[in-house]
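Undergrad: To start, I am sharing the structure in question, which I have written as structure tokens.
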Amino acid sequence: MMHDIHSPSAQLAAFAAGLTFDAIPAPVIRKTEDLLVDWFGSAIAGKGSRPVETITRFAASMGPASGAAEVLINRSQSSAYFAAMANAAASHVAEQDDVHNGSVFHPATVVFPAALAMAQTLGSSGKALLTAAVVGYEVGIRVGEFLGRSHYKVFHTTGTAGTLAAAAAAGSLLGLNTAQMQHAFGSAGTQSAGLWEFLRTAADSKQLHTAHAAAAGLMSAYLAKDGFTGAAQILEGPQGMAAGMSSDADPAKLTDGLGTRWATAETSFKYHASCRHTHPAADALLQVMQAHQLQPADLARVVTHVHQGAIDVLGPVVNPATVHQSKFSMGTVLGLVARFGHAGLVEFDQHFQEELTVALREKVEMVLDVEVDAAYPRRWIGKVTVTTTDGRTLQGRVDEPKGDPGNTLSRDEITAKAQRLAAFSQGATEAEMARAIDGLWAIAQSAKVGRLLESRA
């Protein structure tokens with residue numbers, strides 16, 4: 001049966017199968033190394049999380065007791081399939097993994113678990129690992145953009161687009177040709193899943209979405225390598241993903257700037273360990289406090305000028321009862337930022353209900369801002385008006401929150417963030433993290449990707 005070799009699915013598969021390390025611009029490779037180290041910190045941060053530990057126990061009971069692929073939170077070894085599953089669950093729980101704004105997709109948490117497990121299993125080079133990661137990011141982001149905003153209302157894009165992203169990354173490492181890559185996409189797309197309904201009952205599904213996406217994508221690539229076929233146009237076909245999961249899908253987004261526009265480099269890091277809707281205002285408040293050398297006691301009132309989405313998501317949270325809920329409280333986030341300079345895992349865990357934090361929380365209010373609302377979601381602008389206890393009125397404005405491409409994290413900041421995440425979960429010592437991170441910064445020089453952490457067995 002002949003397929004349309006010019007269909008968007010076929011073009012995307014050809015790009016994924018054909019991309020080589022040398023074709024990727026050096027700044028994109030550097031950014032991919034940054035994303036890898038940032039992901040590693042988030043994966044270690046999953047240690048001790050109940051849903052993550054449950055999925056990891058399942059992987060241990062079903063998977064082989066030995067293998068070349070590393071399960072990061074417990075240092076065990078397994079097959080690529082089960083290691084990818086466990087590591088993907090682990091890296092999507094601390095709310096610190098990366099995000100691509102335009103596709104509302106978290107690429108690292110599905111791409112790196114599949115790519116690392118495959119590279120360790122196959123004995124691939126560091127360059128091959130980085131290339132596979134870029135393939136996964138470029139494919140997953142475009143699938144997310146293609147599926148559009150209507151998709152995100154019901155479907156968790158990281159679970160759906162993520163299945164194809166993981167298949168693309170795994171397929172790159174397996175050396176799939178264009179036809180095999182297209183079959184892998186077909187198998188991944190027909191298994192693509194993840195619904196937002198879990199939010200209503202605070203269920204554990206978010207970690208299952210990434211675990212399933214990474215494992216199913218990896219499986220799809222292996223099946224394709226062995227001759228298993230998948231739908232040729234799983235994305236844009238009449239009974240494909242868009243037909244069932246979107247009302248505003250745009251097939252042109254699937255091939256937008258392939259090989260010239262590097263979506264990988266557009267990815268944002270999360271600096272604060274909270275809902276992204278709080279980040280712009282948090283950064284604007286920090287700007288005011290640093291510029292005027294204010295202390296928390298100097299704050300009488302803080303008005304945040306926000307988009308409607310922030311009011312919709314954060315507005316209902318007035319008296320947060322749990323650590324997780326406090327990450328969706330604008331006042332709590334700004335209170336912690338005012339006190340500590342950033343709102344990290346430890347700050348939330350230890351200080352969200354403290355008297356000083358609560359007192360600051362009560363001084364914060366949100367108001368809808370026409371300019372900020374019009375710019376969203378393409379741009380996330382932060383604006384605050386601070387009234388000081390001595391009667392001054394001070395304005396703060398941030399056009400790109402910290403972590404966005406135009407205001408990115410330095411390598412020192414990424415390293416420090418990863419160390420904070422590991423310290424929080426006690427998933428690795430500072431020395432172990434330092435050794436692993438040094439190795440990851442130099443992964444392009446590695447002839448064979450090995451273990452990141454020493455076994456404690």
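Undergrad: What's the number of the only condition in (1) out of contact with any helix residue (DSSP H, G or I) (no Cβ under 6 Å at 6 or more places or on another chain); (2) touching a residue at least 40 places away in the same chain (Cβ under 8 Å) that ALA431 fails to meet?
TA: Against the list (1) out of contact with any helix residue (DSSP H, G or I) (no Cβ under 6 Å at 6 or more places or on another chain); (2) touching a residue at least 40 places away in the same chain (Cβ under 8 Å), ALA431 comes up short only on (2).
Undergrad: Mind counting the residues in region 397-409 that are farther than 20 Å from ALA291 by Cβ and in a helix (DSSP H, G or I)?
TA: 1
Undergrad: Can THR385 be described as at negative phi, open to solvent by 60 Å² or more (accessible area, probe 1.4 Å) and more than 26 Å from the chain's Cα centre (by Cα)?
TA: no
Undergrad: With respect to ARG378, determine if the residue is open to solvent by 60 Å² or more (accessible area, probe 1.4 Å), more than 30 Å from ALA128 (Cα to Cα) and not in a strand (DSSP E or B).
TA: yes
Undergrad: Given the criteria closer than 22 Å to VAL288 by Cβ, touching a helix residue (DSSP H, G or I) at 6+ places or on another chain (Cβ under 9 Å), in a helix (DSSP H, G or I) and at pLDDT 95 or above, does LEU394 qualify?
TA: Answer is no for this residue.
Undergrad: Based on this model, can you work out whether THR229 counts as β-branched (Val, Ile, Thr) and under 27 Å from PRO377 (Cα atoms)?
TA: Taking the combined requirement at face value, the residue does not satisfy it.
Undergrad: Ok, one more. Evaluate region 384-399: report whether one residue or more is under 24 Å from ALA94 (Cα atoms) and either touching an Asp or Glu at 6+ places or on another chain (Cβ under 8 Å) or touching a residue at least 12 places away in the same chain (Cβ under 8 Å) (or both).
TA: No.
Undergrad: Hey, does region 226-236 have a residue that's closer than 20 Å to VAL111 by Cβ, in a helix (DSSP H, G or I) and either in contact with a Phe, Trp or Tyr (Cβ under 9 Å, 6 or more places away or on another chain) or open to solvent by 40 Å² or more (accessible area, probe 1.4 Å) (or both)?
TA: Checking region 226-236: not a single residue is closer than 20 Å to VAL111 by Cβ, in a helix (DSSP H, G or I) and either in contact with a Phe, Trp or Tyr (Cβ under 9 Å, 6 or more places away or on another chain) or open to solvent by 40 Å² or more (accessible area, probe 1.4 Å) (or both).
Undergrad: Could you give every pair whose Cβ atoms fall below 6 Å, whose first residue belongs to region 72-101 and is farther than 18 Å from ARG420 by Cα, and whose second residue is open to solvent by 10 Å² or more (accessible area, probe 1.4 Å) and of a type in the set (Lys, Arg), counting only separations of at least 6 or pairs across chains?
TA: That search, which allows pairs on different chains as well, returns ARG75/ARG456.
Undergrad: While we're here: Could you please give the count of residues in region 237-250 that are in contact (Cβ under 8 Å) with a residue 40 or more places away in the chain and either among the basic types (Lys, Arg) or more than 19 Å from ALA193 (Cβ to Cβ) (or both)?
TA: Qualifying residue count, region 237-250: 2.
Undergrad: Any chance you could count how many residues in region 439-457 are under 17 Å from ALA43 (Cβ atoms) and either in contact (Cβ under 8 Å) with a residue 40 or more places away in the chain or open to solvent by 60 Å² or more (accessible area, probe 1.4 Å) (or both)?
TA: Summing the residues that are under 17 Å from ALA43 (Cβ atoms) and either in contact (Cβ under 8 Å) with a residue 40 or more places away in the chain or open to solvent by 60 Å² or more (accessible area, probe 1.4 Å) (or both) in region 439-457 gives 11.
Undergrad: Can you tell me which of THR264, THR278 is of a type in the set (S, T, N, Q), buried (at least 18 other Cβ atoms within 10 Å of the Cβ) and under 24 Å from VAL372 (Cα atoms)?
TA: THR278 is the lone residue from the list that is of a type in the set (S, T, N, Q), buried (at least 18 other Cβ atoms within 10 Å of the Cβ) and under 24 Å from VAL372 (Cα atoms).
Undergrad: Out of the residues in region 425-438 that are surrounded by 20 or more Cβ atoms within 10 Å (Cβ to Cβ) and of a type in the set (Gly, Ala, Ser), which is nearest to ASP349 (Cα to Cα)?
TA: Filtering region 425-438 for residues that are surrounded by 20 or more Cβ atoms within 10 Å (Cβ to Cβ) and of a type in the set (Gly, Ala, Ser), the one nearest to ASP349 (Cα to Cα) comes out as SER425.
Undergrad: Turning to a different aspect of this structure: Kindly indicate whether ARG339 is over 24 Å from VAL104 (Cβ atoms) and either in contact with a helix residue (DSSP H, G or I) (Cβ under 7 Å, 6 or more places away or on another chain) or modelled with pLDDT under 95 (or both).
TA: So ARG339 fits the description; yes.
Undergrad: Given (1) open to solvent by 10 Å² or more (accessible area, probe 1.4 Å); (2) in contact with a strand residue (DSSP E or B) (Cβ under 7 Å, 6 or more places away or on another chain); (3) of a type in the set (Ser, Thr, Tyr); (4) without any contact (Cβ under 8 Å) to a residue 24 or more places away in the chain, where does SER61 come up short, assuming only one miss?
TA: (2)
Undergrad: Sticking with this structure for a sec: Return the residues of region 168-205 that are more than 23 Å from THR264 (Cα to Cα) and either modelled with pLDDT under 95 or touching a strand residue (DSSP E or B) at 6+ places or on another chain (Cβ under 8 Å) (or both); say none if nothing qualifies.
TA: LEU195, TRP196, GLU197, PHE198, LEU199, ARG200, THR201, ALA202, ALA203, ASP204, SER205, listed by residue number.
Undergrad: Which of the residues belonging to region 293-320 are open to solvent by 80 Å² or more (accessible area, probe 1.4 Å) and in contact with a strand residue (DSSP E or B) (Cβ under 7 Å, 6 or more places away or on another chain)?
TA: ARG301
The values are calculated or read from the model by the stated rules, or taken from the named source; none is laboratory data. The model shown is predicted, which means the values in this text are computed figures rather than measured ones. Cβ coordinates were reconstructed from backbone atoms using ideal geometry, including for glycine residues, and neighbour counts include every protein chain displayed. Side chains are part of the model used for accessible areas, which takes the heavy atoms of the whole protein and leaves out ligands, DNA and RNA. Shrake-Rupley method; radii C 1.70, N 1.55, O 1.52, S 1.80 Å.
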